[in-house]
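Here the structure comes first, spelled out in structure tokens, and everything after it is commentary.
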Amino acid sequence: MPVRMNATRHIGCGSLVTLVGAVLASGWSSSAHLHAEPFEAIGAPPSVLAPANVSGRSLGGARVLGDRVVEADAATGGAWAADDGGQAGAGEVVGDSFVPCFDANGCGPGCVGCSQCSDGGCCADGFCDPPGLLQYFQKWHDKGNACWVGRVDALIGWRNAPPDRPLVETGLNTLPVVNANGMDSPAAGGPRVSVFRFNKCNGTGWETTYLQLANWRSQRPLAAQSQKYALAPPGFYGNSNTQNFDTGNANLGSRLQSLEVNRHWCHGDHVRFLAGFRWIEWQEYFSLTDTFNGQQVITDYYNTGCTNSLYGGQIGLDAILLTLPWMRFDSVIKAGAYYNNGVQSSLYQSNSTGSLISQAVTINQSPLSCAFVGEVGFTGVVPVTDWLDVRIGYFGLWLSGIAQPTQQLSGQVLTQPAGGTDPTSGTINANGGVLVQAVTLGLEGRW
């Protein structure tokens, strides 16, 4: 019977008793040779989940308790075996308590008096606790050769201004003071969350990603001045640009959200092809409030909002560009054609007649157009542990063939001529486009 030493190569108290017993036993058996092995030579102990039985069956393997390795002798049954009449009750004695072990099926803890234990079932002559939810997921994970990857990124993004469209000018010299292409927005923030499931055998996998960037807002106040303001030709909603006003405020807001599901195919060690389905929603609104201070204070309010719901397929490439000892650089490029369900709603309110008048129109066209969406990304990945990385990178998204509110102002008829009774009317077009760029910072975990 070998004697185990601890890491400092000194025999512990328990080992000393064993040693004395072995010396005495050697007096009766000359063939037994006493020798000591260092702790380092023991090797990794078997898992506590290993099957352990008695009465002619193999017993459970060793466990590390403190700085000692304890084990059971299969020939003698060991001190761990419970006296259960020959039925499986594998465990160990720690102090004065019996600690049962798990069985081979992952059920546990095993109960004294149980002859067998199946997943979620009871024993013939006792009860065994079913495996926990985390144990179930672990077994499912191992069985499928799966590798899961989770990413959480914070995005700080900017959008470019809408296409050219003069909005407000000075009435005297007809100089444009507000143009849609000058309404750049400050940064907006939002999350991006991704979950990947890859097959460790062939590298194929699935991806689900959701992102949102919200609350872009650009404001252009028009302070009072000696020269009156006027709407830039051809006006808004049928209003003539000859209507002067003293002060005003232009406001442009927008938000983006996206959900995609992609299938990945591994091509070598550094490239994965992808294809999938994506939904993107781009919302944008424009408003202008103006005030004329004369014998009567006249206020006009113009508001147009557009929603583009894009549905389509995309293809792309996910590649590792460069690998360094302490960092790697990933890249992704995607492109696709999309069905655009476009909606625009316009509202005009004014008290120019003495009482408040309000006219509105909503136009929905599906499909409005065939839109295009392209995405590109570059990310630097720094490993923290073997399962956790820090990510910092660039994200770019281009949308074209979408409806934008500043491009709809000339297509609505909401102001009736004096005494007119014609109904309101409107149109919608998809001649807009937007570029979104963002800095990303996040974490990636693998399990």
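Look through A230, A180, A224 and report the one residue that is closer than 27 Å to W398 by Cα and hydrophobic (A, V, I, L, M, F, W, C).
A180
Condition first: charged (D, E, K, R) and farther than 23 Å from D184 by Cα. Can you find one or more residues in segment 358-381 that meet it?
So far as segment 358-381 goes, no, none of its residues is charged (D, E, K, R) and farther than 23 Å from D184 by Cα.
Within segment 231-269, how many residues are small (G, A, S) and in a strand (DSSP E or B)?
Looking only at that region, the number is 5.
Considering only residues that are out of contact with any Leu (no Cβ under 9 Å at 6 or more places or on another chain), part of a strand (DSSP E or B) and hydrophobic (A, V, I, L, M, F, W, C), look in segment 337-366 and name the one that is farthest from S194 (Cα to Cα).
I357
Give just the number: which of (1) of a type in the set (D, E, K, R); (2) surrounded by fewer than 17 Cβ atoms within 10 Å (Cβ to Cβ); (3) under 23 Å from N262 (Cα atoms) does D386 not satisfy?
That leaves (3) as the condition not met.
For segment 390-400, name all the residues that are buried (at least 21 other Cβ atoms within 10 Å of the Cβ) and not aliphatic (A, V, I, L, M).
First pass over segment 390-400, keeping only residues buried (at least 21 other Cβ atoms within 10 Å of the Cβ): 395, 397, 399.
Of everything in segment 390-400, just one residue is buried (at least 21 other Cβ atoms within 10 Å of the Cβ) and not aliphatic (A, V, I, L, M), namely F395.
Only residues that are farther than 30 Å from I363 by Cα and either among the aliphatic types (A, V, I, L, M) or not assigned by TED's automatic domain parsing to the domain that holds E375 (or both): list them for segment 284-317, please.
Of everything in segment 284-317, those that are farther than 30 Å from I363 by Cα and either among the aliphatic types (A, V, I, L, M) or not assigned by TED's automatic domain parsing to the domain that holds E375 (or both) turn out to be V297, I315, L317.
Let me spell it out: the conditions are (1) loosely packed, with under 14 Cβ neighbours inside 10 Å; (2) touching a residue at least 40 places away in the same chain (Cβ under 8 Å); (3) part of a strand (DSSP E or B), and K334 meets all of them except one. Which number is the exception?
(1)
Output the number of residues of segment 342-368 satisfying the condition of being surrounded by 13 or more Cβ atoms within 10 Å (Cβ to Cβ) and over 20 Å from Q407 (Cα atoms).
Selection size over segment 342-368: 4.
Being polar (S, T, N, Q) and part of a strand (DSSP E or B) narrows it down to one residue among Q225, Q212; which is it? Quick ask: steps written out before the conclusion?
Details: Q225 fails: part of a strand (DSSP E or B).
Of Q225, Q212, the one residue that is polar (S, T, N, Q) and part of a strand (DSSP E or B) is Q212.
The values are calculated or read from the model by the stated rules, or taken from the named source; none is laboratory data. Keep in mind that what you see is a predicted model, and the values were worked out from it rather than measured. Note that each Cβ is placed from the backbone with ideal geometry, even for glycine, and that neighbours are counted across all protein chains shown.
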